[in-house]
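Colleague: The structure follows.
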Ligand SMILES: CC(C)(COP(=O)(O)OP(=O)(O)OC[C@H]1O[C@@H](n2cnc3c(N)ncnc32)[C@H](O)[C@@H]1OP(=O)(O)O)[C@@H](O)C(=O)NCCC(=O)NCCS
């Protein structure tokens, strides 16, 4: 994969193995991805005069939608078409690996928007649209706030009925999880089985009601003192009972105990979960450090529009400046 840019020769190269030479062209939180590129990571580098001058980095992890996590070009090399060539090369590689469409998410407050949005438009991606809310808080404050809600605290005092043990799946649990995932309400979810690779079991929970699995909260640990809550599911029969929030309470409490009250807890919620969006705005916004509106640009699906994209497959970390 290569391209000739205007002004001087610049190549785009599909990176493999150790790509740390390109670390200066992405954010600190992605440096670990560059140490040894996993098959699920697509990294396309731009090289001019033997130097790394650009990087498009993203994830294509078996779902039909690949996510571009970051793109950057060295300041001295900007406005020469390098980013456009990177986006095109990155998209071609994602399509080659089976992705039907591509997405890039970023915060509404991202300073890079002014350059990135016209770039995405030039590459043929959609206009930006609201994708969801990213909530960043502290485990201790979140646990206390949840525990203090009267509607929730009553439910928390039913240990004989509900159990929120840390994630440790038996064969029977796996079958129960697979059954839950067949429900239409689980559309777009991956569940603890598919998320095993990146799951942090100590901060994840299997929700049992009188011993039967009825839901889960799956968390990952992107940094030493930071937990991202990837996914929560509850059998709809038990909706409106505060059980999911109870599960979050247990997770935040464990996180505060194991990583400290000030350790960072993040979660992402999108419009396909309107109740969680409403709850986030009404309740969590009061105790969180910040609630950011996340925008997304995407390509049109390359194939049948009836395809349902599994948006939960993304890492929920965002393209940001
Ligand atoms: C965004 C960024 C990657 C663009 O890199 P680039 O190599 O300069 O972009 P290109 O030269 O390929 O630009 C292609 C098109 O994008 C648009 N574009 C790029 N930079 C732009 C800017 N600063 N303002 C407005 N439009 C811009 C233009 O339409 C441009 O075409 P044109 O030059 O023919 O008008 C670069 O500015 C950058 O590294 N920014 C910092 C990191 C960042 O914010 N990344 C985005 C979020 S992850």
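Colleague: In whole percent, what relative contact order does the range 24-74 give with Cα contacts below 8 Å and a gap of six or more residues?
Modeller: 35
Colleague: Now a separate question. Is the shape of the range 10-126 best called rounded, prolate or oblate, per the rule: a/c under 1.5 gives rounded, else a/b larger than b/c gives prolate, else oblate, with a ≥ b ≥ c the square roots of the Cα gyration tensor eigenvalues?
Modeller: The shape class here is rounded.
Colleague: Just want to confirm a number: the relative contact order over the range 134-296, from Cα pairs under 8 angstrom separated by 6+ residues, in percent.
Modeller: On the way: 272 pairs, mean separation 58.7, N = 163.
Rounded, it is 36 percent for the range 134-296.
Colleague: Take the chain, connect every pair of alpha-carbon atoms lying under 10 Å apart with a spring to form a Gaussian network, then pick out the residue of 242, 81, 50 with the largest mean-square fluctuation.
Modeller: So, out of 242, 81, 50, the one fluctuating most is 50.
Colleague: By how many degrees, between 0 and 90 and to the nearest 10, does the Cα long axis of helix 243-259 differ from the longest principal axis of the chain?
Modeller: 70
Colleague: Per Stokes-Einstein, at 20 °C and 1.002 mPa s, what whole-number D in µm² s⁻¹ belongs to the range 145-254, with the Kirkwood radius over Cα pairs as the hydrodynamic radius?
Modeller: 152
Colleague: Grab the DSSP H runs of the chain that are 4 residues or longer, score each as -39,500 (n - 2.57), total them, divide by all residues and round the 222 nm result to the nearest 500 deg cm²/dmol.
Modeller: It lands at -7500 deg cm²/dmol.
Colleague: Please arrange 96, 198 by counting, for each residue, the other beta carbons lying within 10 Å of its beta carbon, fewest first.
Modeller: Final ranking by Cβ density, sparse to dense: 96, 198.
Colleague: Normalising by the residue count of the chain, find the relative contact order in percent from Cα pairs under 8 Å and 6+ residues apart.
Modeller: Once normalised by length, the contact order is 23 percent.
Colleague: Starting from the alpha-carbon convex hull of the chain, give the projected area averaged over all orientations, in nm².
Modeller: Working: hull surface 66.4 nm².
Here the figure is 16.6 nm², rounded to one decimal.
Colleague: If only Cα atoms are counted, what is the Rg of the range 108-203, and what is its Dmax, in Å?
Modeller: 19.9, 58
Colleague: Considering only 163, 289, 18, give the residue with the highest GNM mean-square fluctuation for the chain, with springs between Cα atoms whenever their separation is below 10 Å.
Modeller: Result for the chain, Cα springs under 10 Å: 18 fluctuates most.
Colleague: Now a separate question. Just rank 239, 90, fewest to most, by other beta-carbon atoms within 10 angstrom.
Modeller: Going from sparsest to densest Cβ surroundings: 239, 90.
Colleague: Could you check which residue among 55, 37, 134 shows the biggest mean-square fluctuation in a GNM of the chain with a 10 Å Cα cutoff?
Modeller: Of the options given, 37 has the highest mean-square fluctuation.
Colleague: Could you quote the convex hull projected area for the range 222-272, Cα atoms only and averaged over all directions, in nm²?
Modeller: One quarter of the hull surface, i.e. the mean projection, equals 4.1 nm².
Colleague: Between residue 223 and residue 170, how many nm apart are label points set 7 Å from Cα along the C-beta direction?
Modeller: That separation, rounded to one decimal, is 3.9 nm.
Read-outs: derived from the displayed coordinates by stated rules, not from any lab. Keep in mind that this is a model prediction, so the values were computed, not measured. Glycine also receives a Cβ, built like all others from the backbone with ideal geometry; neighbour counts cover every protein chain displayed.
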